[in-house]
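Chemist: I am attaching a structure below and will ask some questions about it afterwards.
The values are calculated or read from the model by the stated rules, or taken from the named source; none is laboratory data. Since the structure is predicted, the reported quantities are computational estimates derived from the model, not experimental observations. Note that each Cβ is placed from the backbone with ideal geometry, even for glycine, and that neighbours are counted across all protein chains shown. In case anyone asks, the SASA skips ligands and DNA or RNA and just uses the protein heavy atoms, side chains included. Shrake-Rupley method; radii C 1.70, N 1.55, O 1.52, S 1.80 Å.
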Amino acid sequence: MIALVAVLLLAGTVRAQPSSPSLSAADSAVFARADFLSLAGRSAAALDLLDSLRVAAVRRQDRSLEARILSARSVAYFFNGRMREAEAAARAALAVAAPTDTLRRMASLRWLAASLSEQGRVLEMRDVWARLLPMAVAKRDRRHEGFAQLGLAFYSMHEGRGRDALPRQLRALEIFRSLGDGFWTRWTLTALGRALGATGDVAAQRRCWQEVAELAAAAGDSGALGDAWNNLASLEWLQGDPAAAEQGFRRAFEIRRAQVGRRDALTAAVNIALCDADLGRFREGATRLESVIQESAERGFLEVRANALSELAGIRRQEGRVEEAIALQRQALALNGTLDFNSEIDVLTGLAFALADAGRGTEAIALLSDARRRFGHRASPGVVPALDYVEGNLRVQNGDAVAGMRLLRSSIAGTARFGRWRTRMEALTALGIAYIAVQEPDSAIALLEFAASLWAEARGVSRDPEWREQEGAKRRRLFASLIPLRLDWPVEVPADRRVAAAFNDLQRYKARTLRERMRGPAPQAEPFEETTLDQIQQRVLRPGELLLETFVTPETTLVFAITRDSARVVRLPGTRLGIGARLRAWHRLISARPARAGVGDLTGLDSSAAQLGRFWLTPFDDLLRASRCVLFAPDGELNLLPLGTLDPGWGTGPLLAAREVVAIPSAGVLALLRDPAVRHSSPRGRSALLALTPASGGSDRPMSGAASEVRWLRRTFVGVASRSPGASATDSSLGIALAQCQILHVATHARLDDERPWLSGLLVDPAGSEDRTRWLRATEVARLRLPARLAVLSACESGRGRVLSGEGVQGLATAFLSAGVPAVVASLWKVEDRATESLMRGFYRRLAAGETVAKALRGAQLDLKRDRRTAHPFFWAGFVVVGEPTVQAELHRKPLDPPTFAVVIGLVIAIVLAILGYRRRQTRMAHVTQSGPMSPIS
């Protein structure tokens, strides 16, 4: 629901005030000064001036002057956002003005209508404009006739009758253009654009608002310019690009915020919050809306408040707080008469979805059917397809497939006419699911395939990667319906070909935006290169590797087990059967630090690991036994699962004890990592390893273990450089350093942002205060092209982030993959500092010995596991390799310098002498025992 501008005296001008022939020069100066102060936002000063003049008017019993003063007070209150006081002052002016003072009465009616409009009391507003119009025509006051035409057109729009509004708006446009009034010409064009949109002419609507923007910019009219930006942004949102819409809304908000006393800034804030929600920033959007709800209640902006309540309800529903969402939507509806027609339809559909989520589908359908009966004859062409989709989708879910399918077909036809591709895709998906329900799989596949092709095409709407990630997550239902259907249909097609078709569809969907990031900004305009099962088996997988590609749906978890010469699918329970709860419980169990160092209930852990192993690993036991490396591509809550901690039941303990285990976002990402065409150049320089550490100073001190890690690396290996960057990842000297290393070791704190995951960061400069602290942001990293072969993120939780269905984990690890680093070592939970230091030393020793990154990390983890003090998975299981497991690095140990060599030789000699001395003493004691006095013979 985008709150388009109401276009009716929301900013306005006071130059239309009629003159009074008896007004003195001094009184005229007071009114001019009051008007100026009102427009400048200094309404209190304006009211003080008018109060002093009113005393004189009452003393002189000058009713005409008093009426004018009251009307001017209404203006001052209006521009201060005090709509109730503005209404009262306008009514008082009408009561005081003489019946023959038509000019004064028209001015008072105008501001009365404006204040009623701002309060959302549109029926009363309509009656006031209806009173004003014949007065203006009889008096031949074309300006007030134009105002009245605009007001009555606004009411028609509010009622959903866009075509009825057009003649009135065209008449108002003719009047203001003939008067040479550029201000009201711009406002009328703004209103006309909205009416054109209601008739379905989106192209004419866009041209109208673009003309407004050009005219407003030329005239320096910030009010009209802000409204133009707001309305053009609303078109972007309706066309499915919230990222572009947000930019326009923010520009409108900045313009409107400077205009004190207007509700337009709050309207823009609601729209920004809508974009927040569309981009997954629920907490940020909710905070913004709660502020708008409070302020709009205080100022009497009832329509703005109703819209904000409804948008907040949408966020609560997406957060799973369904009952709260229902209550908020009902609060919005309770503000009776304040919502325009389209907004009321949006509130009703939002309420229906929330009711359906609460298991009250019959009530939801009844609500929408009643809305159709009440509003169907007034519905604008763009609203009907959305209403058809919502009701049709709910009817299918509620078991009424025939009626639901009829409505969905109508929605598909309507959305095609009006370019609403999002609703069209959702309706196609819902209709495909309905055909599955009535056992017509051929029709279902055709519809779902068409929806998937539209989704791929629609990704070109915006190149913003965060928008693409969110849009991918929203198509979960589409691919969760298509992929399982591919596995079962057509039955006459061999099973292996059905498996291949389902796998190929999954690769079209999974981690798609990450692959686009990895290819860099330019290739986003190129056709997307799809990954197939044949490519994975013939060109990507290596001997001994087993790929476990997963896809979680509400009903089923699909696990594709792929080797170079086999492919099978296992179906496990989905999220509706509690799989997520089991994964979360296991994650809590292994990521919680034991009560005392080295102590934990390992018996209980072993039992749980064996139970989960039977569930997850037994179906692939033969493939696991034949493999040496498992490539695990998790989906959804499976990202919580360190697969290597599960027990396959071989008597060797966890899977990691017998096999290398590596995480990859998807098979398509692995194919890209192993594609020679997209690899970056080798490092330019001699630095084998670059260690990034926080700058010294400030209150946020480096972790002691992390600092020790870096000192040990510099002391042990050749070509290790350390750096404490102070500005950002784009600092030129840092960029040079990054281009010269093959291993990047980041030993610092990490901060996760689950709402804006690409703002997650690694601390690089703790400046002592939060506003000056500098972070290496994930979005900065992703834009770089790094030649490093390996990034080791030893910070806490560096491998975590927001998990988006289909797109995987968004955060620091994927940022380094996006930058071209083929392998990333990252942590899944808050790691213990000293244990991490020990793990890193073992890892780098093995890496220097020539082991691959996967083998080196596995060996270091098993070393910790064998130590009783760190046997709990909390200490050793938190780090994972993400990406290419076979990466190796040229890392050489330093030779011992002469002083150190002498010390070592001295120690060796001392130890040897001590051993020889001990042996001599033992030999002497044995000789004395053998040659001592013999026992007497009895």
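Chemist: What nm value, rounded to one decimal, do you get for the distance between ARG571 and GLU555 when each label is placed 7 Å out toward the C-beta?
Modeler: For ARG571 paired with GLU555, the spin-label model returns 0.8 nm.
Chemist: Further, regarding this structure: Of the accessible area of the chain, with the probe set at 1.4 angstrom, what percent is carbon plus sulfur?
Modeler: It is 53 percent, rounded to a whole number.
Chemist: Would you please name the chymotrypsin sites (Phe, Trp or Tyr not before Pro) within the stretch 446-490 that are DSSP coil residues with at most 10 other C-beta atoms within 10 Å of their C-beta?
Modeler: Filter output for the stretch 446-490: empty list.
Chemist: Evaluate the Kirkwood expression for the hydrodynamic radius of the stretch 533-671, namely the inverse of the mean inverse distance over all pairs of different C-alpha atoms, and round to one decimal in Å.
Modeler: Values: mean 1/r = 0.0638 Å⁻¹.
One over the average 1/r among Cα pairs gives 15.7 Å for the stretch 533-671.
Chemist: Principal axes first, then extents: for the Cα atoms of the stretch 324-438, list largest minus smallest coordinate on each axis, whole Å, largest first.
Modeler: Cα spread of the stretch 324-438 along its principal axes, largest to smallest: 40, 32, 23 Å.
Chemist: Moving on to the next point. Based on alpha-carbon positions alone, could you give the equivalent ellipsoid semi-axes of the chain from the gyration tensor, as √(5λ), descending, whole Å? Mind showing how you got there, number by number?
Modeler: Working: eigenvalues 929, 242, 110 Å².
They are 68, 35, 23 Å, listed from largest to smallest.
Chemist: Okay, next question. May I ask you to list the trypsin sites (Lys or Arg not before Pro) in the stretch 570-651 that are in a DSSP loop and have at most 12 other Cβ atoms within 10 Å of their Cβ?
Modeler: Values: sites: ARG571, ARG576, ARG582, ARG584, ARG588, ARG596, ARG614, ARG625, ARG628; in loops: ARG596, ARG628.
Answer in residue order: ARG596.
Chemist: Taking the stretch 41-132, how much of its Cα-Cα pair set, in percent, is spaced more than 15 angstrom apart? Please report the intermediate quantities before stating the final value.
Modeler: On the way: 2322 of 4186 pairs.
That tail contains 55 percent of the Cα-Cα pairs.
Chemist: Still on this structure, I have one more. Packing-wise, with mean Cβ within 10 Å as the measure, how do 882-894, 238-250 rank, highest first?
Modeler: For the peptides 882-894, 238-250, the packing ranking is 238-250, 882-894.
Chemist: Pop a pseudo-label 7 angstrom from the Cα along the beta-carbon direction at both ALA203 and ARG866 and give the gap in nm to one decimal.
Modeler: 7.4 nm
Chemist: Restricted to Cα positions, what overall size does the stretch 168-217 have along the principal axes? Three whole-Å values, descending.
Modeler: Answer, in whole Å and largest first: 30, 26, 10 Å.
Chemist: Which value in deg cm²/dmol, rounded to the nearest 500, describes the helix-derived mean residue ellipticity at 222 nm for the chain, given -39,500 (n - 2.57) per DSSP H run of n ≥ 4 and division by the residue count?
Modeler: After summing the helix terms and dividing by residue count, I get -19000 deg cm²/dmol.
Chemist: Can you give me the accessible area per residue for the chain, using a 1.4 Å probe, in Å²?
Modeler: Here the residues of the chain average 41 Å² of exposed surface.
Chemist: Right, next: Ordering LYS474, LYS510 from largest to smallest accessible area (1.4 angstrom probe), what's the sequence?
Modeler: Most to least solvent-accessible, the answer reads LYS474, LYS510.
Chemist: If every alpha-carbon in the stretch 564-631 counts as one equal scatterer, what log10 I(q)/I(0) does Debye give at q = 0.20 1/Å?
Modeler: Summing over Cα pairs of the stretch 564-631 leads to -1.00.
Chemist: For the stretch 171-287, count all C-alpha to C-alpha pairs, find those more than 22 Å apart, and express that count as a whole percent of the total.
Modeler: Roughly 35 percent, once rounded to a whole number.
Chemist: Relative contact order for the chain: what percent, with Cα pairs under 8 Å and sequence separation of 6 or more?
Modeler: 7 percent
Chemist: Taking a cut-off of 22 Å between Cα atoms, list the lysines near LYS510, but don't count ones fewer than 8 places away on the same chain.
Modeler: Once the sequence-local lysines are set aside, what remains near LYS510 is LYS474.
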